[in-house]
Amino acid sequence: VSERNWPYFRAVLDSIPGYTPGRAVAGPDGRSVKLSSNENPHGPLPSVRDAIAEAATEVNRYPDTSASELTAELARRYGVAEERVALGAGSVGILQQLLTATAEPGTEIVYAWRSFEAYPLLVELAGATSVRVPLRGETHDLDALAEAITDRTRMVFVCNPNNPTGTVVGHAELTAFLDRVPDHVLVVLDEAYREYVRDPHVPDGVDLLTERPNVAVLRTFSKAYGLAGTRVGFLIGHPHVAAAVRKTMIPFAVNRIAQAAAVASLSAEDELMERVAATVKERERVRDALLGDGWVVPPSEANFVWLRLGEDTTDFAASCEAAGVAVRPFAGEGVRVSVGTPEENDAFLTAAHEYPRRNQ
Ligand code: PMP
């Protein structure tokens with residue numbers, strides 16, 4: 001960066017919020033419980049570890065940039081044509097690819113707020129404009145989202161379940177919303193936490209695709225499949241949308257180890273879904289314990305719970321951190337707490353129980 005260019009770079013950087021990853025902290029006894037990033041608390045299964053080790057012997061070679069094996073496995077798994085599947089370095093990679101394909105200065109991307117904190121960052125990086133539609137209570141206001149669509153709207157992101165509130169939109173309300181969305185707008189159903197859903201009214205976005213070319217589903221291996229560290233996500237959508245996502249991927253974005261780990265994880269799906277079931281059980285236990293202590297916690301269909309603490313947010317998070325439990329505070333709004341192992345959850349519940357209550 002030359003000195004002449006530097007002021008220009010500074011101006012760009014000043015307007016971009018950056019991404020703050022979930023923190024890890026050490027408690028008084030050296031114990032560290034990280035419940036700040038909605039990660040899977042379990043390490044890779046032996047079969048996945050073996051696949052990673054084998055892929056590691058060939059990292060001197062570039063990966064298969066079209067990820068043919070993984071694409072074929074995903075197409076089989078979801079019962080769709082391969083041309084409907086596209087991959088990226090995590091679902092954030094795919095969001096960026098979608099934005100590269102669609103966004104120009106002046107174009108609008110509509111999404112609920114508060115939702116996944118990467119949305120505003122990625123939209124801004126793409127030079128487009130975010131249109132944030134406030135949640136109604138803790139859930140998506142689909143009427144307001146539909147009303148926020150203009151001629152300049154290119155995409156609407158619907159995060160289902162929503163991060164960080166854990167709330168969902170059901171089949172009837174979602175399809176009624178989709179019926180209102182004009183054809184020129186692509187609706188991206190961000191289903192990063194879909195595997196944790198137990199509410200039967202919540203649609204599987206993939207079931208909505210065939211009849212609706214302007215709907216795409218975003219999934220990830222980072223949560224239920226426990227591969228956050230490898231970075232692999234995928235989109236299922238209309239072949240034209242999938243083709244655009246493929247074209248806008250940086251070459252070789254999904255690396256050799258990520259592809260091998262994802263393929264092995266699909267083979268081990270039954271075992272991985274048992275872990276998901278255990279997390280769901282823990283989610284209910286954590287929520288019940290919090291409700292029993294008088295906290296207000298909306299029902300969650302994801303691998304985290306949401307406490308709307310308002311003014312107390314930062315203080316509550318600091319108090320958890322002092323006990324060695326890292327949670328995710330959104331200052332002035334609330335705290336998102338991932339569901340971990342039973343021991344990790346107990347550490348959090350103890351910290352929450354001991355928090356000197358205010359405004360509750
Ligand atoms: N969407 C949502 C709603 C998320 O919460 C996350 C991760 N926190 C992602 C997408 C991105 O996940 P990844 O890039 O790891 O696939």
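Below is a table of values for the structure above.
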read-out	value
Sequence of 154, 77 once ranked by neighbouring C-beta atoms within 10 Å, starting from the fewest	77, 154
Per-q log10 I(q)/I(0), segment 192-275, q = 0.19 Å⁻¹ (Debye; single scatterer per alpha-carbon; no solvent)	-1.00
Within segment 60-172, percent of DSSP bridges classed antiparallel, to nearest 5	10 percent
Share antiparallel - DSSP beta bridges, the chain, percent rounded to 5	45 percent
Gain on full stretching of the segment that runs from residue 204 to residue 9 - 0.36 nm per residue minus C-alpha separation	66.0 nm
Highest-fluctuation residue, 48, 337, 245 considered, GNM on the chain with Cα pairs under 10 Å	48
Whole-Å distance, taken between Cα centres, linking segment 90-160 and segment 229-251	18 Å
Karplus 3J(HN,Hα) series, Hz, for segment 208-220 with 6.51 cos²θ - 1.76 cosθ + 1.60 (x for Gly, Pro)	8, 6, 4, 8, 10, x, 9, 10, 10, 10, 10, 10, 9
Surrounding net charge for residue 329, when Lys and Arg each add one and Asp and Glu each subtract one, Cβ distance under 11 Å	-1
Whether segment 25-124 is rounded, prolate or oblate, judged on the alpha carbon gyration tensor where a/c under 1.5 counts as rounded	oblate
Distance histogram in 5 Å bins (all Cα pairs of segment 91-143, percent per bin)	5, 23, 28, 21, 16, 7, 1
Derived scalar couplings ³J(HN,Hα) [segment 143-153; Karplus, 6.51 cos²θ - 1.76 cosθ + 1.60; whole Hz; x for Gly, Pro]	4, 5, 5, 4, 5, 7, 6, 10, 5, 8, 6
FRET efficiency estimate (nearest 0.05) - Cβ-Cβ, residue 66 to residue 267, R0 25 angstrom	0.80
Alpha carbon convex hull of segment 240-283, projected area averaged over orientations, nm²	4.8 nm²
Semi-axis lengths, Å, segment 77-170, gyration tensor of Cα atoms, sqrt of 5 times eigenvalues	21, 19, 13
Relative pair counts by distance (%), Cα atoms of segment 141-221, 5 Å bins	3, 15, 28, 28, 18, 7, 1, 0
Rg(Cα)/(2.2 N^0.38 Å) for segment 227-360, N = residue count	1.35
Residue 296-residue 322 pseudo-label distance in nm [points 7 Å out on the Cα-to-Cβ vector]	2.5 nm
Under the span-like rule (Cα at least 27 Å along the axis, Kyte-Doolittle mean at least 0.5), DSSP H helices of the chain	none
Pair residue 184, residue 211: separation of 7 Å Cα→Cβ label points (nm)	2.6 nm
Under 5 Å, built H, 5+ apart or other chain: amide partners of residue 187	156, 215, 216
Cβ-based exposure ranking for 257, 16, 149, in which fewest neighbours within 10 Å come first	16, 149, 257
Simple spin-label estimate for residue 136 and residue 341 in nanometres, 7 Å along Cα-Cβ	4.3 nm
Full-stretch length increase - residue 281, residue 57 - with 0.36 nm per residue and alpha-carbon distance subtracted	76.8 nm
Within a Gaussian network of the chain (alpha carbon springs, distance under 10 Å), most fluctuating of 91, 47, 37	47
Amide hydrogen neighbours beyond the local backbone of residue 153, cut-off 5 Å, H modeled	108
Sorted by Cβ density within 10 Å, fewest first, the residues 283, 152, 180	180, 152, 283
Largest-first principal axis extents of the Cα set of the chain (Å)	56, 54, 49
Sites residue 81 and residue 20, calculated FRET efficiency, Cβ-Cβ separation with R0 35 Å, nearest 0.05	0.35
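Read-outs: derived from the displayed coordinates by stated rules, not from any lab. All figures in this text were calculated on a predicted structure; none of them were measured in a lab. A quick note on method: Cβ atoms are made from the backbone with ideal geometry, for glycine too, and the neighbour counts reach across all protein chains shown.
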